[in-house]
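Structure record follows, encoded as C-alpha cells.
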Amino acid sequence: MKYMMKRLFVLLGLLSLLSLVAGSPSAALAAKAQKAGKEAKANVTDKLGKPNAAFDINKMSDMSDFDPANPVIPTGDVIKIAHVAPFSGPGAINGELHYAPMLWAVHDINKRGGIWVDGKKKKIALIKADSMSKPDQAKKICERMILQEKVQFLVGTSGSNIMKVMNETGNKYKVIVMNEGALSDDLMDAANFSPYAFMSSASTEQIGRGLAYYYGQIRKKEKKFYIIGQDYSFGHGLGEGFKKGLKEYYPEAQIVGEDYHKLFLTDFAPYLEKIKASGAEVIYTGDWTPDSGNLLKQARQMGIKLPFANLFMNEPNELHQVGVEGTKGLVNIDQHDVTPAFKYPGYDKFHKAWNTQWQTKWKSQPFNGRVMEHGSSNLGSYAMQMYWLLSVIERAKSTNAEKIIKVWEGDTYRFANGKVIKMRACDHKAMQNLIVTEYVPPEQQKASFNIPPYYWFKGCSSSGPGWIIPASKVLPWMDQKSDRCKGKNDWGE
C-alpha cells in the first residue's frame, strides 16, 4: 500500500511540473515561435504549390540520336514554333545557346510520338528565326513566321528590345509568345502587357533583389558595390533591381559607382579605371556574352581581382581563358539550378544523357565546346521552359491561344531537377526560387557537382557552395496600374 501511495505522489508531482512548464510564458513563447518558424518555412514552399504537371525522367526518350547541328525537323501537319534569336551578327552564339536545349526538349517529345491537339497527335517543328539582334529585323522575321510559315507560337530571346517586338507582334496576330530569355520587368507592365505573352524566365528585379538578399542576409561582409551593365532596358533594370534590393535587405551597403556601356564593347578600360579608383569591394553586372567575357578578362589583365556578382558571367570558354585563380570567388545567381545539383532523384540520368551526347556525337562548334558540356544552368533553364510550354499545350489539348492562356495562367510545373515554377495569372510572370553559388577551384566543386567526377570544370573555377533564395524573397515586380493586378498581393492573390 505504501509503495502504491509513493508511486501516486511521484506521478502527481510530475504532472504538476509538466503543467507549470507548459503554462509558463517562456515555454509558450518558445513553442509559438517554433510553430511560426515551421509555418513560415512551409509557406515558402506551399505558396508555389503542388505542381500541376512535371517532367518525368522515366518517360524521357532515348536521346542517342540527338545532334543540335543536324536537327530533325518534321514537316506536314505539325505544331510550328518559331525560335526568334540572333543566329548571325556579334551575338550569334546566344541563338545557338538557347536553340540547342529547346531543340532537345522538342526532339524528346517528338520521339514520344508528339502531342495530342485538336483530335490529332502531332509532332513539333522548332524553326530558327534570325533576329540578327536588330528590332526592325525581328519585326520582319516574326511577321514572316506567322503569316507565311503559319507558326502557332513564338519563343525567345536574348535582348529585351527584341522581346518587346515579339510580344507586340504576337499580340497583333493573337499568337502565344514565350519569353525564355529576356528579363526586363517593363515587358509585362501595364503599358506593354499582352494576354498572349508569358514570361517564363526570371526578371531583372528578381535577379537584383536576389543578389542583394545574398549579400545582405547571408554573406554579410562586403558593403561597397559598383554597378556596370549594358546600356539598354535590361542593363538598367538589373541595376535598379539591385539598388532596390539593397535598400530592402542591406540598407548599410553603398553604391560607389554606376556605369552603362554599349552592347558588344571591346574596350572596357575606361570603366575599369573608374572601378579601380572607387574603393568598390564587389562589381555587380548582368553582362552577357561576349561582353561578360571581355569585361572579366580585361579586369584581371588590369590587376582588378574583385569578385563579380553576376548573372551571365558563367560561359565556360570565357572562364577558361581567365583560368582557375582569375575566376575564383565569382558569385553567380541562377534561375535553374538547385544545391547540390543532383539531389533530386533521376536528374543525374538527365545530365548523363546530355553529357554523353556531347562527348560522343556533337562534332561541330559551338555544340562540341565546353559551353555545351553540361545541360544545366542557363541551358537547363531554356530546355525546361520549353518542356513547360509543351506540357501546357498537351494539357490544353489544343494550339488555340485562348485555350493555352486558360491552362498557363496560375499553372505550376516541376523541372527535371525538382525545381518548381509557377506562372502568376494576372501579369504572366514566373515565380520561383533562385540560387546563388560561389565559384571555387575544381577540388571544391563537389559541393555542387555531387556525382562523379565531382567537378564541373578543371580549367576554371565553377559552382561550389550554394544558397537558395526563396521565391517569397524575390517575387517579380507587379505593376499595380494594371487592371488585372489591382488589389492583388505579390503572389497574385
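The values are calculated or read from the model by the stated rules, or taken from the named source; none is laboratory data. If you're wondering where the values come from, they're calculated on a predicted model, not measured in any experiment. Virtual Cβ from ideal backbone geometry, glycine too; neighbours counted across all protein chains shown. Surface accessibility is based on the protein's heavy atoms, side chains included, excluding ligands, DNA and RNA. Shrake-Rupley method; radii C 1.70, N 1.55, O 1.52, S 1.80 Å.
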Problem - Filter result (among the β-branched types (Val, Ile, Thr), over 20 Å from residue 367 (Cα atoms) and touching a residue at least 60 places away in the same chain (Cβ under 8 Å)) within segment 57-113 - result: 57, 79, 81, 109
Exercise for the section: Answer yes if at least one residue in segment 121-134 is farther than 21 Å from residue 75 by Cα and of a type in the set (A, V, I, L, M), and no otherwise. Expected result: yes
Problem - residue 306 vs. criteria open to solvent by 20 Å² or more (accessible area, probe 1.4 Å), more than 21 Å from the chain's Cα centre (by Cα), closer than 22 Å to residue 211 by Cα and not charged (D, E, K, R) - result: yes
Exercise for the section: Please work out if residue 410 is in a loop (DSSP other than H, G, I, E, B), surrounded by fewer than 16 Cβ atoms within 10 Å (Cβ to Cβ) and modelled with pLDDT under 95. Expected result: no
Exercise for the section: Filter segment 312-340 down to residues that are in a loop (DSSP other than H, G, I, E, B), among the hydrophobic types (A, V, I, L, M, F, W, C) and open to solvent by less than 10 Å² (accessible area, probe 1.4 Å) and give me whichever is nearest to residue 440 (Cα to Cα). Expected result: 330
Exercise for the section: Report those strands (runs of 3 or more DSSP E) wholly inside segment 185-286 carrying at least 1 residues which are open to solvent by less than 60 Å² (accessible area, probe 1.4 Å), β-branched (Val, Ile, Thr) and touching a residue at least 24 places away in the same chain (Cβ under 8 Å). Expected result: 224-230, 254-261, 282-285
Handout entry: So residue 369, is it modelled with pLDDT of 95 or more and either more than 22 Å from the chain's Cα centre (by Cα) or of a type in the set (Gly, Ala, Ser) (or both)
Key = no
Fill in the blank from the handout: Taking segment 145-176 and keeping only residues that are without any contact (Cβ under 8 Å) to a residue 12 or more places away in the chain, assigned to a helix (DSSP H, G or I) and closer than 18 Å to residue 79 by Cβ, one is left with none
Completion exercise
Being within 30 Å of residue 171 (Cα to Cα) and either open to solvent by 20 Å² or more (accessible area, probe 1.4 Å) or in a loop (DSSP other than H, G, I, E, B) (or both) narrows 343, 349, 422 down to just 422
Fill in the blank from the handout: Of the residues in segment 369-390, those that are among the polar types (S, T, N, Q), in a helix (DSSP H, G or I) and within 19 Å of residue 449 (Cβ to Cβ) come to 377, 378, 381
Completion exercise
Among (1) surrounded by fewer than 22 Cβ atoms within 10 Å (Cβ to Cβ); (2) closer than 18 Å to residue 179 by Cβ, residue 90 falls short only on (2)
Practice task
Being among the aromatic types (Phe, Trp, Tyr) and surrounded by fewer than 18 Cβ atoms within 10 Å (Cβ to Cβ) is the filter here, so list the residues in segment 425-454 that pass it.
Solution key: 454
Problem - segment 328-360, residues that are in contact with a strand residue (DSSP E or B) (Cβ under 7 Å, 6 or more places away or on another chain) and basic (Lys, Arg) - result: 328
Exercise for the section: Scan (1) touching a strand residue (DSSP E or B) at 6+ places or on another chain (Cβ under 8 Å); (2) open to solvent by 50 Å² or more (accessible area, probe 1.4 Å); (3) within 29 Å of residue 241 (Cα to Cα) for the single condition residue 491 breaks and write down its number. Expected result: (2)
Practice task
Mind listing whichever residues of segment 372-386 are at pLDDT 95 or above and farther than 15 Å from residue 94 by Cα?
Solution key: 373, 374, 384, 385, 386
